[in-house]
1. Looking at (1) touching a strand residue (DSSP E or B) at 6+ places or on another chain (Cβ under 6 Å); (2) under 30 Å from N212 (Cβ atoms); (3) not polar (S, T, N, Q), which one does K65 not meet, given that it meets all the others?
2. If we scan segment 35-55, do we find a residue that is more than 24 Å from G129 (Cα to Cα), over 18 Å from the mean Cα position of the chain (by Cα) and assigned to a strand (DSSP E or B)?
3. For the subset of segment 151-173 comprising residues that are charged (D, E, K, R) and in contact with a Phe, Trp or Tyr (Cβ under 9 Å, 6 or more places away or on another chain), which member is surrounded by the fewest Cβ atoms within 10 Å (Cβ to Cβ)?
4. Out of I191, I160, I144, I need the residue that is over 16 Å from N71 (Cα atoms) and either free of Cβ contacts under 8 Å to residues at least 12 places away in the same chain or acidic (D, E) (or both). Which one?
5. When you scan segment 63-92, how many residues do you find that are in contact with a Leu (Cβ under 8 Å, 6 or more places away or on another chain) and not hydroxyl-bearing (S, T, Y)?
6. Looking only at segment 75-93, count how many residues are surrounded by fewer than 17 Cβ atoms within 10 Å (Cβ to Cβ) and either more than 17 Å from the chain's Cα centre (by Cα) or aliphatic (A, V, I, L, M) (or both).
7. Just for segment 119-165: of the residues that are in a loop (DSSP other than H, G, I, E, B) and touching a strand residue (DSSP E or B) at 6+ places or on another chain (Cβ under 6 Å), which one is modelled with the lowest pLDDT?
8. When you scan segment 174-185, do you find a residue that is loosely packed, with under 15 Cβ neighbours inside 10 Å, not in a helix (DSSP H, G or I) and not β-branched (V, I, T), even just one?
Amino acid sequence: MIASLLLLSGATYAQNVYQLQDPVSSKNFNPDKYSGIRGTPFLVDKWIKGSVSISRGVYQNLELKYNVYDNSLFFNKNDESFEFQEDVLAFTLMPKEDPATHMVYKRRISGADLRGNEFVQVLLEAEVGLYKLDVKQLTEMSEINAGIVKTFANTAKYYIGKNGKLKFLKLNKQEVLAALNDKQDKIQAYINEKKYSFRKDTELVDVLKYYNSLQ
């Protein structure tokens, strides 16, 4: 059995802790589905400690894998992969104890080309926020002596949340300045001071934190 499956009551969050039933469904992960494809459909091809939110509460201390390609979440039970029997609203991956390493994913974030059913990573939740959609694309190429080879390719899409709306954002200086044009001079000076090239999304998070501090 999975230990420590806890439901934290929203009304009395700090006071009452209840045990949820085992979340296992009859559907488990079939690795044969991706046989012959190079790479992995998962965000990380190993179990990561985390928590999962459903409508009735939160499962704590689970081992999770996020299938990016199929937009589904699995948990480990007795060294087998199972899906949840209830709809997952959000989950948090905790590769290390440091909260700075935790990755929060939520559903019901819609706008731009997001429909609301995807798991979207919340990089910054603020008046002007930042969201990331991990994408696994299936590519094909011809190799000598191997024929057509299929491979999972990793990419990501970023969205800025501003004035209650989401907008697709490319990770480059020009796009960032255009999105934050009401404070463009200060933002450009900050980017130049930090020498940001936006090769990392952590740089964009920092710029947006600075932008929010100017409001």
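1. Of (1) touching a strand residue (DSSP E or B) at 6+ places or on another chain (Cβ under 6 Å); (2) under 30 Å from N212 (Cβ atoms); (3) not polar (S, T, N, Q), only one is false for K65: (2).
2. There is at least one residue in segment 35-55 that is more than 24 Å from G129 (Cα to Cα), over 18 Å from the mean Cα position of the chain (by Cα) and assigned to a strand (DSSP E or B).
3. Filtering first and then ranking leaves K170.
4. I144
5. The number of residues fulfilling the criteria is 12.
6. Qualifying residue count for the region: 8.
7. The residue in question is V128.
8. Within segment 174-185, none of the residues are loosely packed, with under 15 Cβ neighbours inside 10 Å, not in a helix (DSSP H, G or I) and not β-branched (V, I, T).
The values are calculated or read from the model by the stated rules, or taken from the named source; none is laboratory data. Small disclaimer: the values here were computed from a predicted structure and weren't measured. We place every Cβ from the backbone using ideal geometry, glycine too, and count neighbours over all the protein chains shown.
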